[in-house]
Amino acid sequence: DQQVKQNSPSLSVQEGRISILNCDYTNSMFDYFLWYKKYPAEGPTFLISISSIKDKNEDGRFTVFLNKSAKHLSLHIVPSQPGDSAVYFCAASYLTGTASKLTFGTGTRLQVTL
Amino acid sequence: NAGVTQTPKFRILKIGQSMTLQCTQDMNHNYMYWYRQDPGMGLKLIYYSVGAGITDKGEVPNGYNVSRSTTEDFPLRLELAAPSQTSVYFCASSSGGDNSPLHFGNGTRLTVT
């Protein structure tokens, strides 16, 4: 039962253009969403997050949009750079009162070409 | 700037062998986690700890054990290795409870044959 889904295993975008990575979720209890970026042979690193009380959060070239009614979020990278080539994981959590137990998607491999 | 350090980076085990994956963090984080990532899958939570002496099961705890005797260290023990435990294991830590971003180590790639 995949509660967080990234339906596109890979995406190729030209340098300078916009990259849009999508994520869908099924559990309506999720109230916090994060994106992690992962390079080969390294652990994931936190990129950006959004609370369910917002519909947009921006940090430099990275913007995350949340559509709660559609249970959908997306990560926009503008402009895309070759260094953005990595695997991007969407993750979600809900308030448990203890630790952040994240549910991860399966990842989307982004390749930014010259 | 060490962050979260995992050892070893790679290991090959025979079925039935045991081993301990080491994880240490120098950020004084109370919360620590173990995840596994299978090919083409997301990360799944094995065990987590909210502080020294406190551990709890995650989504896929069977076949593993953990201990948390200090704030810094959170080792993961495999007692009887099975091929289904072939995976990449990530340790992570965070400063707080809900919604604090996780800081991950670089992973241990384990193969059980």
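The values are calculated or read from the model by the stated rules, or taken from the named source; none is laboratory data. Please read these numbers as outputs of a predicted model, since none were measured by experiment. Methodologically, a virtual Cβ is constructed for each residue, glycine included, from the backbone with ideal geometry; neighbour enumeration extends over all protein chains shown.
Numbers for the structure displayed
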read-out	value
Identity of the residue in the range B:34-49, facing another protein chain (nearest Cβ under 7 Å) and surrounded by 16 or more Cβ atoms within 10 Å (Cβ to Cβ), that ends up nearest to A:Val87 (Cα to Cα)	B:Gly42
Elements of type strands (runs of 3 or more DSSP E) in the range B:29-108, at least 1 residues being closer than 24 Å to B:Asn1 by Cβ, touching a Ser or Thr at 6+ places or on another chain (Cβ under 6 Å) and of a type outside the set (Gly, Ala, Ser)	B:31-37, B:87-94
Residue count for the range A:40-66, restricted to those that are surrounded by 14 or more Cβ atoms within 10 Å (Cβ to Cβ) and part of a strand (DSSP E or B)	12
Selected residue (only one of A:Thr103, A:Thr113, A:Thr108, A:Thr63 is more than 8 Å from every other protein chain (Cβ to nearest Cβ) and under 16 Å from A:Val4 (Cβ atoms))	A:Thr108
Of all residues making up the range B:2-26, the number that are outside any strand (DSSP E or B), surrounded by 13 or more Cβ atoms within 10 Å (Cβ to Cβ) and within 13 Å of chain A (Cβ to nearest Cβ)	1
Residue within the range A:83-104 that is modelled with pLDDT of 95 or more, of a type outside the set (Ser, Thr, Tyr) and more than 14 Å from the chain's Cα centre (by Cα) present	yes
A:Ser69 free of Cβ contacts under 8 Å to residues at least 40 places away in the same chain and exposed (fewer than 13 other Cβ atoms within 10 Å of the Cβ)	yes
Within the range B:29-65, tally of residues that are under 21 Å from A:Cys90 (Cβ atoms) and of a type in the set (Lys, Arg)	2
Flag if B:Thr86 is β-branched (Val, Ile, Thr), more than 14 Å from every other protein chain (Cβ to nearest Cβ) and over 24 Å from A:Ala91 (Cα atoms)	no
